[in-house]
Each structure stands twice: as C-alpha cells, then as structure tokens.
Amino acid sequence: MKKYESFPVSPVEKKRRRKRERQAALITSPYLLWMIIFTLIPMIFVVYYAFTDATGAFTINNVKGLLGLEKETQNVIQSGTFIRLDFVKIFWRSMWYGAVATVVCLLIAYPVAYFVSQMRENRQQIIITLVMLPMWMNFILRTYALMKMLEDTGIINTAFTKLGLPVIHMINTPFAVILGMVYNFLPYMVLPIYSVMSKMDYSLIEAAQDLGCNRMRVFTKVILPLSMGGVVSGITMVFVPSVSTFYISQKLGGGTNEMIGDVIERTFLTETNYNVGAAISLVLMILIFICMAVMNRFSEDESQGGSIIV
Amino acid sequence: MKTFSKIYMITVFLFLYAPIMVMVVFSFNGINSTGLFQGFSFRWYEELFQNRAVLNALKNSLILAVLSSLISTVLGTLAAVGINRMRHSWIKGPTMMLTDIPMMNPDIVTGISMMLLFVFVGKFVLGGNSIMGFWSLLIAHTTFNLPYVIMSILPKLRQMDPKLTEAAMDLGCTPAKAFVKVVLPFISSGVIAGMMMAFTLSLDDFVISYFVNGSNFQTLPILIYAMTKKRVRPTINALSTIIFTVVLILLIITNAVQSRGEKKNIKKKGIRQ
C-alpha cells in the first residue's frame with residue numbers, strides 16, 4: 001500500500017480514485033447499515049442494560065453482584081425466593097470445563113488431522129466428509145443421543161448389567177458434560193488443523209530429515225510450528241461454544257453442574273431480569289475476549305519466534 | 001505406525017458415530033425404551049409423519065433458510081465488492097470490525113443482544129406489538145449469515161485483477177454491467193459457497209433462534225429442543241434417523257459431483273494423473 005502511495009499522483013487520477021472510494025462506500029452502505037442496526041446497537045443495549053436497574057437508573061450493582069463484591073444483588077431483593085448464586089464459582093466452572101474440553105479435543109484431533117493429511121488425496125476427502133457429517137446434524141439431537149447412551153438405563157449400562165457388571169453412573173457428572181462438549185465440538189478442532197496440514201509444504205519436512213532431524217525433532221521443529229495457525233483457530237472454535245453452552249450442561253449435567261450459559265438463559269427467559277442477565281453476558285463476553293487476546297498473542301509470538309530462527 | 005493410525009482413526013470414528021448409530025437402531029425399536037431393543041417396527045416413523053407440528057416446523061425452517069441465505073448473499077456480495085475496493089477509506093476498519101463481532105461473540109450473547117433490541121422495538125416503537133417470530137428470526141439469521149458470506153467471497157475478489165473491471169468499463173460497460181459480466185462470473189464459486197454455508201447455518205441454528213423466536217413461528221431445531229424438554233417419545237429417534245440419512249445422501253451427491261467436475265477439468269486441460 002505504501003508503494004502505491006509513493007508514486008506521484010495526477011489530479012485526474014486523484015479524482016478517479018476518490019470516485020472509486022465513493023462507489024465502494026455506496027455499495028457497502030446497505031450492509032454497513034444492517035450491521036450497525038442489528039449488531040452494534042444490540043451490543044450497546046447489552047451494555048446499557050448491564051449498567052442500569054429496572055427503573056432505568058444508572059447502577060453498577062449488577063456487575064458488582066456477579067463479582068461477589070455486593071452481598072445481595074437487585075435480583076435477590078426483587079424476587080425474594082431466589083437463592084443467591086455464587087457467580088464467581090459458576091464462571092470459574094464454565095471456564096474450567098471449557099478449557100478441559102478444548103485440551104481434550106486438541107489431543108484427540110491433532111493426530112486425526114495429521115493421519116488424514118498423510119492419506120491418499122481422494123481418501124482424505126472421504127474421511128473429512130465423515131468427520132463433518134455429524135456436524136450437520138443439529139447439536140441438540142447429538143447431545144440428546146449421547147445423553148440416552150450415558151443414562152443409568154441406557155444402552156451402555158444395560159449391556160453392563162447383562163454382562164453382570166455393576167451400573168456405572170455417568171449422567172449428571174462433570175465427566176458427562178465435558179464428554180458432551182468434546183463429542184459436539186471435536187470436528188471444529190479437526191477441520192482447521194487438517195486444512196493447515198494438508199497445505200503444508202512437504203519439502204520442508206524432507207529438508208529437516210535430510211539435515212538430520214529425527215521424527216521427534218521434525219515434529220517439534222517443523223510440523224508443530226507450521227500447524228500453529230490451525231491449532232489456534234481450532235481452540236477458538238471449540239472454547240467459545242463450550243464456555244457459553246447451556247443445553248449440554250442442562251442435559252448431561254443435570255442441575256448440579258450449572259454453567260454460565262444456563263444462568264444467562266434462566267435470567268433472561270424464566271426470571272426476565274434483563275439487567276442482571278445483560279451484566280452476566282457482558283462479563284462472559286469480556287472474559288472470552290481476554291482469553292482470545294491472550295491466545296492470539298501467544299500464537300503471534302510463536303510465528304515471530306519461527307521467523308527469527310529462519 | 002500404520003496399524004496404530006488405523007486403530008486410532010477407527011476409535012475416533014466409533015466415538016463420533018456410536019450415539020448416532022444407537023439412535024438409528026432404536027428408531028426401529030418395537031417398544032418405548034432406550035436400553036432394550038424388542039422387535040423391529042416402523043411405529044415411531046408412523047407417529048412422526050402424523051405429527052403436523054414437525055412437518056410445519058420443517059417447512060418454516062426451510063423458508064427461513066432460503067430467504068435469509070438469499071438476502072445475506074445479495075447484501076454480502078455487494079459489501080464484499082465494496083470492501084475489496086476500499087483503499088484509503090476510513091470506513092474499512094470499522095466495517096471489518098463489525099463483520100468480526102458476530103463471528104467472535106458467543107452465540108448466546110448474540111442471541112440475547114438481539115432479543116433486547118427486538119423487545120425494545122416491540123415495546124416502544126411498535127406500541128406493544130411484538131415482532132418476535134418470523135421477522136425477528138429472519139433478521140437474526142440474515143445477520144449471523146452475513147459475515148460468513150463476506151468471508152467466503154473476499155478471498156476470491158482478492159485473486160481478481162482489478163484491471164479486468166477497468167478494461168470492461170473502458171470498453172463501454174456501465175459499472176453495473178461490468179459487475180454482472182466480469183466480476184460476478186469470477187467470484188461465482190465463492191458466492192455459491194457462501195450461500196450454501198448461510199443456508200446450512202440458518203437451518204441448523206438453535207441458540208440464537210431460541211432467544212429471538214416467538215410462539216407463532218417454530219423452526220425445526222426449536223421444536224426438537226421442545227421435544228427433548230418434555231417427556232420424550234422415541235419419534236425423535238425416527239426424526240434423527242431421517243435427518244441423518246438426508247444429510248448423508250446430500251453429502252454423497254456433492255462429493256460425487258465435485259469429483260466428477262475435477263475429472264472433467266483434468267480431461268479438458270489434458271493433464272493425466
């Protein structure tokens with residue numbers, strides 16, 4: 001772009017460019033208008049509701065209540081019967097479950113992506129289609145199917161009883177919730193890693209081998225750094241829906257493993273307390289953005305480190 | 001190593017497909033049980049096809065997917081062309097940021113933020129008339145589709161030489177004609193990919209729809225959610241089996257068409273494998 005600007009520009013060309021910019025802005029404007037009304041303004045609404053009370057007056061009690069700084073939130077005073085939730089604990093649990101599910105997905109998906117990228121070309125396409133196929137079924141159906149399997153009277157435990165083994169209680173445990181996340185979002189981790197690996201320049205790996213790297217070093221010095229981009233976008237694609245889920249934790253966690261998504265859903269739809277709900281959503285959003293920023297920072301460092309070595 | 005990778009892949013696929021396969025098998029169950037299989041029957045399929053709500057929800061979902069993918073493709077294509085043309089404009093940065101918001105935000109936050117807007121509009125602009133239902137769903141679906149459409153068209157536009165459009169205009173095309181004759185054919189694969197992606201995203205969405213839907217317009221994912229909330233009938237297994245089969249057939253067809261297209265291309269160019 002700098003090169004483009006450094007040329008001396010004739011007034012005619014300048015006029016032409018200005019016209020071009022005007023045209024570009026004109027055809028983008030319907031989209032821009034749409035996004036301002038239906039994306040930006042709703043975000044402003046979230047912030048507005050988060051910092052006001054039911055009467056519309058400014059307050060920071062909603063956010064304070066979440067952080068445990070305020071003993072009683074507006075919410076409790078109004079509904080009376082509502083049991084005060086330990087929001088910090090629920091936030092922490094959501095982040096923790098999401099992180100564990102993401103790591104498990106990464107550990108399972110990375111070898112899958114690698115093995116697939118080593119296959120013959122036409123076979124790669126078939127396998128990747130098979131990885132994607134469950135994704136095209138609604139996640140509610142998938143979660144429901146998993147729930148039915150894990151139940152005490154489900155097919156696994158029925159088989160165990162038939163074999164004379166004791167029933168293993170799996171449903172409504174943290175294990176079931178994390179399993180549900182891994183099951184639902186595993187393809188989101190496989191696809192970006194695979195797409196980076198399939199485009200990887202194989203001659204780099206050969207070069208490393210020729211220069212005397214063993215398998216392990218080829219992996220840590222060549223394959224892993226080159227696939228970092230896919231790993232980072234995979235982590236984002238699994239972590240964000242995992243942390244913010246509400247259906248998976250309801251169905252597989254019972255009432256005991258409540259996550260932040262459940263609280264948001266309940267606060268908005270059952271209690272219709274938009275102010276507290278908006279405050280929780282805002283905090284969730286900020287927490288996720290912080291996580292993503294840290295992630296991106298990390299991956300940038302990684303690639304910069306790589307370029308310095310080269 | 002070879003055998004290890006094979007065993008590994010089979011284990012992962014078992015994990016991915018076991019719950020679905022269990023549902024498929026139990027959709028033919030003679031009794032209402034999730035653990036025991038007794039006798040083969042089609043009774044749950046019969047019950048499903050007598051359920052008018054399911055067929056109605058399917059129809060609603062398809063209408064919504066077609067309309068929202070069309071609107072988002074038109075708006076998104078224009079926007080992508082505009083964004084690609086911008087060089088020094090101060091609008092470019094904010095536009096890209098707005099495009100990123102729905103993609104980065106968790107679905108639940110997008111859902112509740114739109115719900116707040118629609119509730120507000122219903123209360124204070126329309127005087128208590130709710131727009132929750134078809135219109136709110138159409139707007140929400142179009143909004144979350146748009147970034148994906150733009151993201152699938154922009155790379156195509158970047159590959160294109162801007163001189164092509166200029167040449168067409170020098171040869172007497174109006175900007176609109178140059179767009180239809182030159183730009184659109186060049187980016188058509190990106191446009192179609194974006195539209196198909198929008199269609200499936202819309203058809204599959206639950207979280208955002210859940211927060212902006214009304215009682216008079218139910219989509220299939222919302223209906224499925226309602227079905228799993230109440231005392232569940234095994235008809236849901238039959239429904240899953242049908243959805244799975246349809247998706248499977250569609251994917252086989254697309255794959256076949258794609259590989260045939262590739263073969264044709266190879267023949268045309270005279271390249272031998």
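The values are calculated or read from the model by the stated rules, or taken from the named source; none is laboratory data. Nothing here was measured: the structure is a model prediction, and the numbers come from that model. Every residue, glycine among them, receives a Cβ derived from its backbone with ideal geometry; neighbour counts consider all protein chains shown. Keep in mind that these areas ignore ligands, DNA and RNA; they rest on the heavy atoms of the full protein, side chains included. Shrake-Rupley method; radii C 1.70, N 1.55, O 1.52, S 1.80 Å.
Among all residues of segment B:106-118, there is at least one that is within 11 Å of another protein chain (Cβ to nearest Cβ) and not in a helix (DSSP H, G or I). Scanning segment B:177-232 for residues that are open to solvent by less than 40 Å² (accessible area, probe 1.4 Å), out of contact with any helix residue (DSSP H, G or I) (no Cβ under 7 Å at 6 or more places or on another chain) and closer than 27 Å to B:T77 by Cβ yields a total of 0. Of the helices (runs of 4 or more DSSP H) lying entirely inside segment A:192-302, those containing at least 3 residues that are within 10 Å of another protein chain (Cβ to nearest Cβ) are A:224-243, A:247-253, A:260-265. If the condition is being at pLDDT 90 or above and among the hydroxyl-bearing types (S, T, Y), then segment A:42-73 contributes A:Y48, A:Y49, A:T52.
The set of residues in segment B:119-132 being crowded, with 18+ Cβ neighbours inside 10 Å and either of a type in the set (D, E) or within 9 Å of chain A (Cβ to nearest Cβ) (or both) consists of B:V119 alone. On the basis of being more than 7 Å from every other protein chain (Cβ to nearest Cβ), under 28 Å from the mean Cα position of the chain (by Cα) and either under 26 Å from A:G180 (Cα atoms) or surrounded by 17 or more Cβ atoms within 10 Å (Cβ to Cβ) (or both), does B:I71 make the cut? Answer is yes for this residue. Tell me, please, whether a residue that is open to solvent by less than 20 Å² (accessible area, probe 1.4 Å), without any contact (Cβ under 8 Å) to a residue 60 or more places away in the chain and assigned to a helix (DSSP H, G or I) can be found in segment A:118-134. There is at least one residue in segment A:118-134 that is open to solvent by less than 20 Å² (accessible area, probe 1.4 Å), without any contact (Cβ under 8 Å) to a residue 60 or more places away in the chain and assigned to a helix (DSSP H, G or I). Of the listed requirements (1) under 19 Å from A:R16 (Cβ atoms); (2) open to solvent by 40 Å² or more (accessible area, probe 1.4 Å), B:W135 misses just one: (1).
Residues checked against (1) open to solvent by 60 Å² or more (accessible area, probe 1.4 Å); (2) over 30 Å from B:G35 (Cα atoms):
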site	(1), (2)
A:I140	no, no
A:I156	no, no
A:L165	yes, no
A:N172	yes, no
A:Y202	yes, yes
A:T236	no, yes
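Residues in segment B:23-37 that are at the interface with another protein chain (Cβ under 7 Å from one of its Cβ atoms) and open to solvent by 30 Å² or more (accessible area, probe 1.4 Å) were compared, and the one that is nearest to A:F160 (Cα to Cα) is B:L36.
Does B:F15 fit the bill of being within 30 Å of A:G261 (Cα to Cα) and either in contact with a helix residue (DSSP H, G or I) (Cβ under 8 Å, 6 or more places away or on another chain) or more than 7 Å from chain A (Cβ to nearest Cβ) (or both)? The answer is yes for B:F15.
On the stretch given as segment B:11-31, residues that are in contact with a strand residue (DSSP E or B) (Cβ under 8 Å, 6 or more places away or on another chain) and either modelled with pLDDT of 90 or more or assigned to a helix (DSSP H, G or I) (or both) total 1.
All told, B:A256 meets the bar of being small (G, A, S), open to solvent by 10 Å² or more (accessible area, probe 1.4 Å) and out of contact with any strand residue (DSSP E or B) (no Cβ under 6 Å at 6 or more places or on another chain). The residue pairs whose first member lies in segment A:82-105 and is surrounded by fewer than 17 Cβ atoms within 10 Å (Cβ to Cβ) and of a type in the set (F, W, Y), whose second member is outside any loop (DSSP other than H, G, I, E, B) and modelled with pLDDT under 90, and whose beta carbons are closer than 6 Å, counting only pairs six or more residues apart or on different chains, are A:F82/A:V76.
Here B:A80, B:A65 are screened, and the one residue that is within 24 Å of B:S189 (Cα to Cα), buried (at least 20 other Cβ atoms within 10 Å of the Cβ) and out of contact with any Ser or Thr (no Cβ under 8 Å at 6 or more places or on another chain) is B:A80. Screening A:A159 on (1) small (G, A, S); (2) farther than 29 Å from A:L226 by Cα; (3) in contact (Cβ under 8 Å) with a residue 60 or more places away in the chain shows it passes everything except condition (3).
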